[in-house]
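Before any comments, here is the structure.
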Amino acid sequence: MHDYRSMVELLKEIQALEFGVYELALFLDTHPGDRRALEDHNRLVSRLNQLRKAFEDRYGPLRLDSESPYPYRYINDPWPWEIQY
Amino acid sequence: MTRAENMSKGYQGGMRLAEVYIPIQTYGETFDLKNALMYGTIFPELYRPYRPVHRNPQ
């Protein structure tokens, strides 16, 4: 059970990071010259990639375009709508 | 054609079309990401949740 909770916490952190990256991308659409915003964007992107890798190494592929160990693990549960946040 | 004639085109009810002035946003503080996800924005200046004002019924 403990592992499930830590999986969900890590997933929530990934989701928050994804949202942050998306918001900064929208800002950069209209402010491509804003250096600080771009630095923050790139910082979040690298942290996001780091967390995604950590998640996938431990819990399996997150997305369709994630690598999977054998046998194909993407179809394992929990499915996104089954996750209790 | 005069400016007045131009302005009367394209709408009814004698009201002018809107002219929008949007000040450019500058990059400042951002919310902590976990809160930002709940607020729906990372920018405090854009966070304006709709809060109905309870008018007492006349």
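None of A:5, A:52, A:36 is of a type in the set (Lys, Arg), within 25 Å of residue B:36 (Cα to Cα) and within 14 Å of chain B (Cβ to nearest Cβ) except A:36. Exactly one residue out of B:15, B:38 is in a helix (DSSP H, G or I) and open to solvent by 100 Å² or more (accessible area, probe 1.4 Å), and it is B:38.
If only residues of the range A:18-33 that are open to solvent by 40 Å² or more (accessible area, probe 1.4 Å) and within 15 Å of residue A:47 (Cα to Cα) are counted, the one that is nearest to the other protein chains (Cβ to nearest Cβ) is A:19.
Yes/no matrix, rows are residues, columns are (1) over 30 Å from residue B:43 (Cβ atoms); (2) aromatic (Phe, Trp, Tyr); (3) more than 11 Å from the chain's Cα centre (by Cα):
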{"position": "A:23", "(1), (2), (3)": "no, no, yes"}
{"position": "A:33", "(1), (2), (3)": "no, no, yes"}
{"position": "A:53", "(1), (2), (3)": "no, no, no"}
{"position": "A:66", "(1), (2), (3)": "yes, no, yes"}
{"position": "A:78", "(1), (2), (3)": "yes, no, yes"}
{"position": "A:82", "(1), (2), (3)": "yes, no, yes"}
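Of all residues in the range A:1-17, those being within 14 Å of the chain's Cα centre (by Cα) and surrounded by fewer than 13 Cβ atoms within 10 Å (Cβ to Cβ) number 1.
The values are calculated or read from the model by the stated rules, or taken from the named source; none is laboratory data. Being a predicted model, the structure only gives us computed values, none of them experimental. Ideal geometry is used to build each Cβ from the backbone, glycine not excepted, and the neighbour counts take in all protein chains shown. These area figures cover heavy atoms from the full protein model, side chains too; ligands, DNA and RNA do not enter into them. Shrake-Rupley method; radii C 1.70, N 1.55, O 1.52, S 1.80 Å.
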